[in-house]
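J.: Here it is, the structure, as C-alpha cells.
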C-alpha cells in the first residue's frame, strides 16, 4: 500500500472575520450588541439583558438610560424566533417600570406586542407578552391602545391556555381593561360588549374554579364589572355563574372572598338568580362572610346580602341562617360597621315585616302588609321568630294568640256540615272593629292553634275538637249546627282558651 498523502487544510476566505470571543462585564457594551446584524449575538445579548433586568428596579432604570428600549422594540418583529422570544421576555420584565411604560406608549409598540399572542407562538412568548400587556393596561392610555389594536380578543382566547401563568396574566389584563373607576363609561362599555362578543364569559366563569387565587379574583372582578350592563348580566346568569361562585365564596383568601361576594351583588338582581344561588348552597358561605375580620369582605358580603334580601322568601331564609343577628352584632361595633351592613340589616327587616314588627313594635309607612303577615308578639333581639308552618305544629300553651293577615280569596269550597263536626273550634263572625279591639285585649291569655295561611284549603291542618268546651254560635246558626270554618281572607285571631275565631273579610291596615 502506498502512503496516505495528508491533505492540507484550506485557508479561510479572506473576506471572513475570524471568530472573536468577548467577555463583557458592562451593560452598556451588551446594549450596543442589540444593533448587531448577527442573530446569535442578538439572542445572547437579549438573554444577558433579561437576566440583568430581573435583578431589580435599578437595573431596569439603567437599561432605560442606556437606550436599550428602542432597539429592543425592533427585535419584537425579528424573523428569528429565539431573538423574538428573548426580546418579548425582556419587555415582560421591563414594563413594571413606569418610565419604560411611558416610553413604550410614545413608541406605539402595542401592535407588535399583541402580535406575539398569535396561536402559533410558543407558550413562553404568550406568557411574557400577556405580562407586558397586563403591566401596560394599568394606566388609561395603555387601556386605550390595547383596545384599539384589537388586544382583547386574543387575550380572551388565552384564557383557555393550559399554562397557568398565561391564564393569570391574561385575566389580569382583561380585569384592568374593564375597570370602571379609572376610565370613562363611554370607553368601557364597548370593552364589555367586545368581551361578550368574543365569547369571553364562559372562560371567565371557568376561571372561577382555578387553583390560583389571583386568577380567580381577577376573573370575578371582570364578571362583576360586565354584569353592570343588563344584557351581559343575563348572559352571565345563563352560564350558571351562581354555582361557579360557591367555591370562591368558601375560599380562605380574603381577596377571592371579597370579589366573589361582589359578583353575587352584581348578578343576584332577580328572583331566578337568587333562587339559583339558594339552591346551589351559596347563601350559607355568603352569610359566614359577614363575620369576616376583613373590612372589604364584610362590605361586599353586606352588599350581596342586601341585594339577595329583595324578596320576602330570601329575607326569611337569610334570617334563618343568622344574617340578621350577625349584622346586628357588626352594626354595634364602631370599627366594623359600614353603610352596607346597616343597609343590609334594614333591608332584611323591611322584607320580613313579621320579624320587624316583633322586634321593633312598629312598621313604617312604606311597609306594606301582604299575605302571611303575622303578629307573634314582642321578642328579644337574637330570638328566632318561628315561621307559620312551625307555629302550626306547636302544642297548645298559655302563650298569647297570633294575629294572621290573610287577604287571599278562598277558591276551595267550604267543608260540609258533617266535616265541620270533626274540626276544632266553633266560630262566630264579628264584623265590628270594636269587637276586634275587645278580643285583642284578651289575646295575652290565649295561644295559637292550627290556622289557615291562605295557601290551601281553609280547613287544612285542624286538630280534633277539645271535649267539654262550649263555644259561641253565630246568630244565623243553631246550637246544633256548629261551624268550624276558618275564613281564608281578612284578619284572623285564633284562641285556644276562648275557642273564638274573629275575622274580617276585607281589612286595610295602615
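J.: With the condition being within 24 Å of residue 145 (Cα to Cα) and modelled with pLDDT of 90 or more, I'd like the helices (runs of 4 or more DSSP H) fully within the range 1-118 carrying at least 1 qualifying residues.
T.: The qualifying helices (runs of 4 or more DSSP H) are 57-65, 69-75, 81-94, 98-107, 110-115.
J.: Tell me, yes or no, whether the range 230-242 has at least one residue that is buried (at least 24 other Cβ atoms within 10 Å of the Cβ), in the same structural domain as residue 290 (by TED's automatic domain parsing) and farther than 16 Å from residue 307 by Cα.
T.: no
J.: Quick one: which helices (runs of 4 or more DSSP H) sit completely within the range 248-323 and have at least 1 residues that are free of Cβ contacts under 8 Å to residues at least 12 places away in the same chain?
T.: Result: 271-279, 283-288, 312-320.
J.: The conditions are (1) without any contact (Cβ under 8 Å) to a residue 24 or more places away in the chain; (2) closer than 15 Å to residue 315 by Cα; (3) not in a loop (DSSP other than H, G, I, E, B), and residue 355 fails exactly one of them. Which is it?
T.: Among (1) without any contact (Cβ under 8 Å) to a residue 24 or more places away in the chain; (2) closer than 15 Å to residue 315 by Cα; (3) not in a loop (DSSP other than H, G, I, E, B), residue 355 violates only (1).
The values are calculated or read from the model by the stated rules, or taken from the named source; none is laboratory data. Owing to the predicted nature of the structure, the values given are computational and were not obtained by experimental measurement. Note: ideal-geometry Cβ built from the backbone for every residue, glycine included; neighbour counts use all protein chains shown.
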